[in-house]
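> Have a look at this one before I ask anything.
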Amino acid sequence: MVREYFDNYDTDARIARLPEVYGPNMNLNSTGLLGKLIQELIHGEDLTIYGEGTQKEYYLYIDDAASGLVKALFSKKTKGKIYTLVEKDPYTTLELAFLLRNIANKQMQINYAPATSTMGNRKYTPDTSNLNDIKWKPRTKIKEGIIETLESFDYAINEHSFKPTKLIEQKAQEVKIKKEAK
């Protein structure tokens, strides 16, 4: 509809596309997968991954979303343009779960549940070619943003944890072998 008004009435408008936005004091019940995983972590529950954990999504820290919106609105020559405010690469559910487990203040398991019918492994590559025009890119790394989010809920972060790179690589190899066997 915004595009229609721009095209037909030369309305001073821009369109911003946002992925799942997260940050301090977020409503964990009205968000997507990341919010659900954070909620499980805060409540001391094991983390649940639906499917194999290979589906990818983009996430954006609230401060980066706000700065991107401001730049899209107020930079020169943005009228009528569409901006997709995302990081360069998406994250798998498995990466998020291991990141959260890595900073958890207690031992947690990662449990696998069957994928829901609404889940799909979307192969979505957003067009971010015009983000250089507004000189925007996200500054907050996902681990840093998640730590700030957890701290806003008074969650004590484990700062002396191991790095799960080997486990992620092992799971990725298992998934690859399963797919090749089919």
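> Would you confirm, using the coordinates I've provided, whether Glu52 is in contact (Cβ under 8 Å) with a residue 12 or more places away in the chain, surrounded by fewer than 18 Cβ atoms within 10 Å (Cβ to Cβ) and under 22 Å from Ile110 (Cα atoms)?
For Glu52, the condition - in contact (Cβ under 8 Å) with a residue 12 or more places away in the chain, surrounded by fewer than 18 Cβ atoms within 10 Å (Cβ to Cβ) and under 22 Å from Ile110 (Cα atoms) - is not met.
> If you don't mind, another one. With in a loop (DSSP other than H, G, I, E, B) and either touching a Pro at 6+ places or on another chain (Cβ under 9 Å) or among the hydroxyl-bearing types (Ser, Thr, Tyr) (or both) as the only criterion, which of Ser30, Ser67 stands out?
Every option except Ser30 fails the conditions.
> State which residue pairs qualify: first residue within 12 Å of Ile49 (Cα to Cα) and inside segment 93-117, second residue among the polar types (S, T, N, Q) in any location, beta carbons under 6 Å apart, and separation of 6 or more residues or different chains.
Cβ pairs passing all conditions: Thr93/Gln55; Asn111/Thr48; Ala113/Thr48.
> Could you run through segment 70-87 and say how many residues are outside any strand (DSSP E or B) and in contact (Cβ under 8 Å) with a residue 12 or more places away in the chain?
12
> Out of curiosity, is Ser152 under 30 Å from Ala13 (Cβ atoms) and small (Gly, Ala, Ser)?
No; evaluated as a whole, the condition is false for this residue.
> Any chance segment 95-103 includes a residue that's hydrophobic (A, V, I, L, M, F, W, C), farther than 30 Å from Arg3 by Cα and in a loop (DSSP other than H, G, I, E, B)?
no
> Filter segment 88-109 down to residues that are over 18 Å from Tyr155 (Cβ atoms) and either open to solvent by less than 30 Å² (accessible area, probe 1.4 Å) or among the aliphatic types (A, V, I, L, M) (or both), then give me how many there are.
Qualifying residue count for the region: 3.
> I would also like to ask the following. Of all the residues that make up segment 138-156, how many are of a type in the set (Lys, Arg) and without any contact (Cβ under 8 Å) to a residue 40 or more places away in the chain?
1
> Right, here's the next one. Find the residue count for segment 1-24, including only residues that are within 10 Å of Ile82 (Cβ to Cβ) and surrounded by fewer than 12 Cβ atoms within 10 Å (Cβ to Cβ).
0
The values are calculated or read from the model by the stated rules, or taken from the named source; none is laboratory data. No experiment lies behind these values; they were computed from the predicted model shown. Every residue, glycine as well, gets a Cβ built from its backbone with ideal geometry; the counts of neighbours run over all protein chains shown. Only protein heavy atoms, including side chains, enter the accessible area calculation; ligands, DNA and RNA are left aside. Shrake-Rupley method; radii C 1.70, N 1.55, O 1.52, S 1.80 Å.
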